[in-house]
1. How large is ³J(HN,Hα) for each residue in segment 272-284, as worked out from phi by the Karplus curve 6.51 cos²θ - 1.76 cosθ + 1.60 (θ = phi - 60°), to whole Hz, x for Gly and Pro?
2. Using only Cα atoms, locate the centre of segment 1-40 and the centre of segment 340-408, then give the distance between them in Å, rounded to an integer.
3. Suppose we keep just the DSSP beta bridges with both residues in the chain; what percent of those would be antiparallel, to 5?
4. Report the FRET efficiency, 1/(1 + (r/R0)^6), for Thr548 and Lys266, where r is their Cβ-Cβ distance and R0 is 45 Å, rounded to 0.05.
5. How long is the gain from Asn158 to Ala357 if the chain were fully straight, where each residue apart is worth 0.36 nm and the alpha carbon distance is subtracted?
6. Under the 0.36 nm per residue contour assumption, what length would be gained going from the current alpha-carbon distance of His512 and Lys560 to full extension?
7. Taking +1 at the Cβ of each Lys and Arg and -1 at the Cβ of each Asp and Glu, which of His304, Val246, Gly222 sits farthest along the dipole of segment 212-311 towards its positive end, judged by Cα position relative to the Cα centre?
8. Hey, what's segment 1-48 come to in accessible area per residue, 1.4 Å probe, Å²?
Amino acid sequence: MELAAIFHRPESEDAFLHTDGRFYIRLRTKKADVLKAYLLGGDPYLFDTEKWWQQQRPMTKIAETLTHDYWEISVEPPFSRWQYGFVLENNDETIFYGDRGCFPVSERVLTYSNYYFRMPFLHEQDAFKAPEWASDTRWYQIFPERFANGQPELSPANVKEWSKESPTTSAFYGGDLQGIINHLDYLEELGINGLYFTPIFKAPTNHKYDTEDYFTIDSHFGNDETFQLLVDEAHRRGMRIMLDAVFNHIGDLSPQWQDVVKNEEKSKYKDWFHVHSFPVREGENGNIENETTLSFDTFSFTIHMPKLNTANPEVQDYLISIATYWVEKFGIDAWRLDVANEVDHQFWKKLNAALTAVRPDIYILGEIWHSAQRWLEGDEFHATMNYPYIETINDYFIDRSIDEETLISGLNTQLMMYRKATTSVMFNMLDSHDTARVLSRMDNDTQRLKQLLAFVFTQKGTPCIYYGTEVGLDGFNDPDCRKCMIWDETKQDQDLLTFTKSLMAFRKEYNHTIQEGELQWLPSTSESITFSLRENETTLYCIFNRATMEQDIAVPTLPKSAQPIFGSGERHGQKIRIKTNDFIIFKDQ
């Protein structure tokens, strides 16, 4: 047995109290190395009297990757305490694994309590909790400057005519908040119930990530009254509102930074930033755009976004006042926090405490492009933008660079990184204002896009559509991915729009089964992926054909009673004939 591959960490994604009141325990072993895994566990104060170490509870293998197997079991400790160890078996040996490592199974080891892991007390307030509404949300991301122009009189002087042309980085087209309000009925009919806006605060650029004033809505977008109307009208339709802010840095036109530029070491804001030497004026002291000679820390190497010192109590108070202001005054439901991985953890903990004190069911989403366990312990973010998970899906369906085994391995790896409650609110978006649109990456093949969207909408987590995807809006990397929304119905892909509405309705109806159901990857034909989601008496069977030709996909476990509910394909016994780049979903109940 490969002992080096065996791993478990208490009070982590390997051992956690779930919202259903059960305590979940996971164990990692080398792939195909352990045949059986058992849990020995009970109350630490009853170790000698009940001798619970004599009872072996079988664990279930819940996931496999290219290198590891993952086992799981859940228990309900009657006294909110739990002490435990594992017994692992293969054809050659049986070992005990506990807090002090691996040992041959013996009476001495089994009966010595200090060999076991321990959860001293399961405090409910320490459990990871995400707002319940977040796991049942179908998001729609809007880049306000490019969605709709509802008040032309607010548009910048150099505004361009609304069109599907590829924009430049500095172009303005006049999108605003009233434009969004004007299309809320469209969004409601589409089936979304969450709106995520990129920044709406005062800033000189079209993207607004170089914020000048966090308390003021950019005058080209509208004002407080318009935004309040937007929030109220969205809420009336059952839609949540998520705003976007960047607390890692601020715009160089902000009064705080301008004071530093002017007064240098005498500025009262000097310690709000990471200044290494003065002056900090552009063109002096090495301060040249995109050069590594900058005399102060910035986002990337741009002089227009000086990095904030979030260890400074004044900065902390300032940023926290911003976050709570928009919740208290306007009633927003969530924050998406830009460049979250470059801000210190202590600040995020303080922000979390402040926001949840104002609104206990606030949803806090961090922009992190990599695995993010450290940020998802429950006291910083509820979720992150699930790039590692989605990129694995894109590798399979868009780039076709990996096979089925690698796809499953990559997805399982990410699923095992987080607690169940975390996984259900992770933010699953295929593209955004920061990436090329998937339709362009797929050579504008809408059938492939439909298949990809369907796969994402059958995954655990909360799905997000980037504005315009549903009508065929394309575009490569920034700024091309920020084209104007298509509102001319004669130029919209109406077939794709109809499909997206059906997809939203499907997810709404089966969200609970997808989120809470037991995931099982099923053997299937080459160039296809098949899995089931089982929740109580309901099971969904999801079958996807990635092949460049129609093929019959064998699904031996598909019950005769299962009925197709979404997608297309012909059933012939235990084989499903599916066209190229298509899918079908069956339901058995």
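1. In residue order, the calculated couplings are 6, 10, 9, 9, 9, 6, 10, x, 10, 5, 4, x, 10 Hz.
2. That distance is 22 Å.
3. Among the beta bridges of the chain, antiparallel pairing accounts for roughly 75 percent.
4. Efficiency for this residue pair is about 0.10.
5. So the chain would gain 67.3 nm between Asn158 and Ala357.
6. Stretched out fully, the His512 to Lys560 stretch lengthens by 14.9 nm.
7. Of the listed residues, the answer is Val246.
8. 42 Å²
The values are calculated or read from the model by the stated rules, or taken from the named source; none is laboratory data. This is a predicted model, so every value here is computed, not measured. Heads up, the Cβs are rebuilt from the backbone with ideal geometry, glycines too, and the neighbour counts pull from every protein chain shown. These area figures cover heavy atoms from the full protein model, side chains too; ligands, DNA and RNA do not enter into them. Shrake-Rupley method; radii C 1.70, N 1.55, O 1.52, S 1.80 Å.
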